[in-house]
1. Given the conditions (1) outside any helix (DSSP H, G or I); (2) of a type outside the set (A, V, I, L, M); (3) more than 20 Å from TRP18 (Cα to Cα), which single one is not true for HIS77?
2. Residues being surrounded by 13 or more Cβ atoms within 10 Å (Cβ to Cβ) and within 23 Å of ILE70 (Cα to Cα): count how many of those fall in the range 1-33.
3. Kindly list, by first and then second residue, each pair from a residue in the range 7-25 that is under 24 Å from GLU59 (Cα atoms) to a residue that is among the hydrophobic types (A, V, I, L, M, F, W, C), limited to pairs with Cβ atoms under 9 Å and residues at least 6 apart or on different chains.
4. Among the numbered criteria (1) surrounded by 13 or more Cβ atoms within 10 Å (Cβ to Cβ); (2) assigned to a loop (DSSP other than H, G, I, E, B), which one does HIS62 miss?
5. What number of residues within the range 34-82 satisfy the criterion of being touching a Pro at 6+ places or on another chain (Cβ under 6 Å) and either among the β-branched types (Val, Ile, Thr) or touching a residue at least 24 places away in the same chain (Cβ under 8 Å) (or both)?
Amino acid sequence: MPLGANYAKPQLTDEEAWDLAAYVNSMSRPSKDLSKDWPDIAGKPFDHPFGPFADPFTEDQHKYGPYKPIKEWIAKHKNSKK
């Protein structure tokens, strides 16, 4: 991940790389109107970290997990619509 690192000579452990990625992902980003990105919000990927959402789960859970309850909720409600 750092400059000069490669597969054979990593400079960070796997855990350090994941920690760094989580830190970068947790930083605030410029906001914009995302309402037109997903006209059908029910079709958004379950791990898409920005609202609005078609389910009752929080933005933090969509961003960091756990994802299993979200997947189960989606599966239950897709089956109930048919």
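Read the figures in this text as sums done on the coordinates, not as results from a lab. Keep in mind that this is a model prediction, so the values were computed, not measured. Every residue, glycine as well, gets a Cβ built from its backbone with ideal geometry; the counts of neighbours run over all protein chains shown.
1. Result: HIS77 fails condition (1) only.
2. 0
3. Between residues of the range 7-25 that are under 24 Å from GLU59 (Cα atoms) and residues that are among the hydrophobic types (A, V, I, L, M, F, W, C), the close pairs are ALA17/MET1; ASP19/LEU12; LEU20/MET1; LEU20/LEU12; ALA21/MET1.
4. If we test HIS62 against (1) surrounded by 13 or more Cβ atoms within 10 Å (Cβ to Cβ); (2) assigned to a loop (DSSP other than H, G, I, E, B), just (2) comes out false.
5. Looking only at that region, the number is 2.
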